[in-house]
């Protein structure tokens with residue numbers, strides 16, 4: 001039963017989930033295909049959003065091509081930096097992306113820097129670009145998490161909850177299997193299964209919800225200011241990721257500590273964006289109150 005993925009409490013059994021396909025003798029990982037689909041559909045979505053908001057689709061195509069390359073490189077760099085204890089002895093594996101090893105926050109940082117540089121060169125308002133580009137980003141994150149599903153990675157600790165997922169021990173990385181998982185092994189058809197939180201699924205669904213909220217704000221909210229959608233992304237994604245990261249067994253830790261770097265980063269970004277949103281709302285409310293007092297003074 002190796003290669004199978006089970007959701008016992010939902011009655012779902014996937015008997016043979018492939019990890020790659022072979023084309024002309026060349027093996028292509030499903031992980032890479034999912035990420036490619038996420039990037040392409042995300043870019044197409046951003047270009048459509050740009051057209052509907054009166055912006056140049058060509059600008060976003062050019063930006064997307066650059067941002068994808070920079071973001072992938074930065075996502076890999078972020079991952080390698082926080083797992084340097086391993087990669088310092090396996091330098092050639094730094095370039096091997098087929099087995100995973102991309103940290104989304106590295107990609108977000110790389111994409112953000114790319115947007116700032118691109119907008120400065122093209123003389124475009126960067127806040128408006130961030131608002132538009134982030135729609136493709138969060139969509140790509142929602143879809144891209146399914147690459148972890150095919151790779152049997154980015155799962156959480158042991159659970160017996162409704163969405164519990166069972167994976168053959170032989171299909172996962174040994175260092176991600178906790179003692180609690182060993183204590184609750186299930187033997188099915190002669191195969192040993194661990195039972196875990198499908199955190200990839202949690203995050204994919206959370207990101208899809210964030211995407212729908214940002215889409216609604218972008219096209220339905222009339223009193224929207226430049227930068228608002230991006231701040232909402234940081235707030236909402238940060239809240240969800242902070243919770244989900246705490247469940248995972250493959251956390252990247254701040255060197256010399258037991259603190260998950262992505263969880264800390266998520267909390268800080270959520271706090272920062274929340275403060276920015278509240279500050280802007282307070283200023284707007286204060287400005288309206290001052291305007292009403294001024295009008296009353298004029299009438300007197």
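Rule-based calculations on the coordinates, nothing more; no lab input. Given the structure is predicted, the values throughout are model-derived calculations rather than measurements. Backbone-built Cβ (ideal geometry, glycine too); neighbour counts: all protein chains shown.
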Principal-axis tilt of helix 30-52 within the chain, Cα atoms, nearest 10 degrees: 10 degrees
Using R₀ = 35 Å, calculate the FRET efficiency as 1/(1 + (r/R₀)^6) where r is the Cβ-Cβ separation of residue 56 and residue 282; round to 0.05. 0.55
Stretched out fully, how many nm does the piece from residue 40 to residue 251 gain, at 0.36 nm a residue minus the Cα gap? 73.2 nm
Using alpha-carbon coordinates, inclination of helix 126-144 to the longest axis of the chain, degrees: 20 degrees
Any chance you could give the angle, 0 to 90 degrees and rounded to 10, that helix 228-245 forms with the longest Cα principal axis of the chain? 30 degrees
May I ask you to sort 173, 76, 241 by Cβ crowding, counting other Cβ atoms within 10 Å and putting the fewest first? 173, 76, 241
Can you put 191, 257 in order of Cβ neighbours within 10 angstrom, beginning with the fewest? 257, 191
Springs between alpha-carbon pairs under 10 angstrom, Gaussian network model over the chain: which of 93, 245, 153 fluctuates most? 93
Once normalised by the length of region 5-299, the mean sequence separation of its alpha carbon contacts under 8 Å that are 6 or more apart gives a contact order in percent of 18 percent
For residue 87 and residue 264, what does the FRET efficiency come to when R0 = 25 Å and r is the distance between their Cβ atoms, rounded to the nearest 0.05? 0.70
Could you line up 188, 239 from fewest to most neighbouring Cβ atoms inside 10 Å? 188, 239
